[in-house]
Amino acid sequence: MTRLSFAIRILFACCLLVATTNHIRADFQHGLFWNYGYGASTLWASRIFWAALTFLDPLAALLLFIKPRAGIFLTAAIILADVAHNTYYVAMNHQWLELFYLSQVAFLIAVVLLSPVVWRKAPAPSP
């Protein structure tokens, strides 16, 4: 693998680990199934989704180095689902310019643009 591919994976892993830290902090302060400030009407599916990110984000960060293609796939799936999911709450609350949302969109763009570099340089899985 090239240095560029490795640097991209480090960037992605750092972003995922920052997100993990935010989820763990929220879990300790508010409980695993917190509503993220959206109130009692927050869907339980959303609470479960946000709780799952506490575990999926670090898993994706780890996979970026031990199984790069699986890590890229999981990273892309996580951020795509996260932005799609959070867009619902952002729209409902007119939070389009909030830093949390803009940073998620920026990470999604980075993943879409840079993942092909890592994918091409990663060894193909053995049959």
Could you size up the charge dipole of the chain around its Cα centre, putting +1 on the beta carbon of Lys and Arg and -1 on that of Asp and Glu, and report it in debye to the nearest 20?
520 debye
If you count, for each residue, the other Cβ atoms within 10 Å and average over each peptide, how do 105-114, 39-48 line up from highest to lowest?
105-114, 39-48
Between A40 and L4, the two model label points (7 Å from Cα along the beta-carbon direction) sit apart by a distance in nm of 5.5 nm
With the dipole of the chain defined by +1 on each Lys or Arg Cβ and -1 on each Asp or Glu Cβ, the option from Y36, L17, S46 whose Cα lies farthest towards the positive pole is L17
Hey, can you rank 2-9, 91-98 by average C-beta count inside 10 Å, highest first?
2-9, 91-98
Once label points are set 7 Å from the Cα along Cα→Cβ at both A77 and N93, what is their separation, rounded to one decimal in nm?
2.7 nm
Listed peptides 60-68, 79-87, 26-34 by packing density, highest first (mean Cβ within 10 Å):
60-68, 79-87, 26-34
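Read-outs: derived from the displayed coordinates by stated rules, not from any lab. The shown structure was predicted, so the numbers you read here are calculated from the model rather than taken from an experiment. A quick note on method: Cβ atoms are made from the backbone with ideal geometry, for glycine too, and the neighbour counts reach across all protein chains shown.
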